[in-house]
Amino acid sequence: MSLYTDLRSDVADLLSDPDIRTGDVKIRRILSTTPAENTWDDPVVAYQLIQLDAVVFTAEAEYSAGTLIAERGDELTISAIATVVEEDGVLVSRKITLEVLPSDVFLVDGDVRRVIRPVRIPAAGDVTAWSVRVAD
């Protein structure tokens, strides 16, 4: 095993502990969008639901050169090992190595959060964890 594999496993073990993990955190990812038969109908969207082991903290206001750039939101620390629990309406249970996409929608205790800034840990090499800033 490589160092990154060992670290990924250690982070996954730590964040899966119910005494450490906070809240119910999932990603709702769009797999595909199919236009509806009628132009006035909504398109048919296929989703993937990914269960995460994570710790959630309330983020504070951030300033850059004296200008407020972010005021509300949460900071998530997420294990790089996640479980796909639903694909296109079908229940599944499949472990994956997580890659956070800017288009992902996070569900924190059922509340929708949008990705502001995903940070891969480490920045190079195999991902062991994610730090993601999300907004309401």
Worksheet item: How do 22-31, 75-84 rank on mean C-beta neighbours within 10 Å, highest first?
Response: 75-84, 22-31
Discussion item. Just to check I understand the Karplus step: with θ = phi - 60° and J = 6.51 cos²θ - 1.76 cosθ + 1.60, what whole-Hz values come out for segment 79-94, glycine and proline as x?
Written reply: 5, 6, 9, 10, 10, 6, 10, 8, 9, 6, x, 9, 6, 9, 8, 9
Worksheet item: Okay, helix-only estimate at 222 nm for the chain: each DSSP H run of n ≥ 4 adds -39500 (n - 2.57), divide by all residues, round to 500 deg cm²/dmol; what do you get?
Response: -3000 deg cm²/dmol
Practice prompt. Could you order peptides 3-10, 99-106 by the average number of other Cβ atoms within 10 Å of their residues, highest first?
Written response: 99-106, 3-10
Worksheet item: Summing +1 for each Lys or Arg and -1 for each Asp or Glu, what net charge is found among the other residues whose Cβ lies under 14 Å from the Cβ of ARG113?
Response: 0
Worksheet, complete the sentence: Which of (1) 99; (2) 149; (3) 132 gives volume of the Cα convex hull per residue in Å³ as computed here? It is (2)
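Read-outs throughout are calculated quantities, based only on the coordinates presented, and are distinct from any laboratory measurement. This one's a predicted model, so the numbers in the text were calculated from it and none came from an experiment. Because the Cβ atoms are built from the backbone with ideal geometry, glycine has one as well, and the counts that use them run over all protein chains shown.
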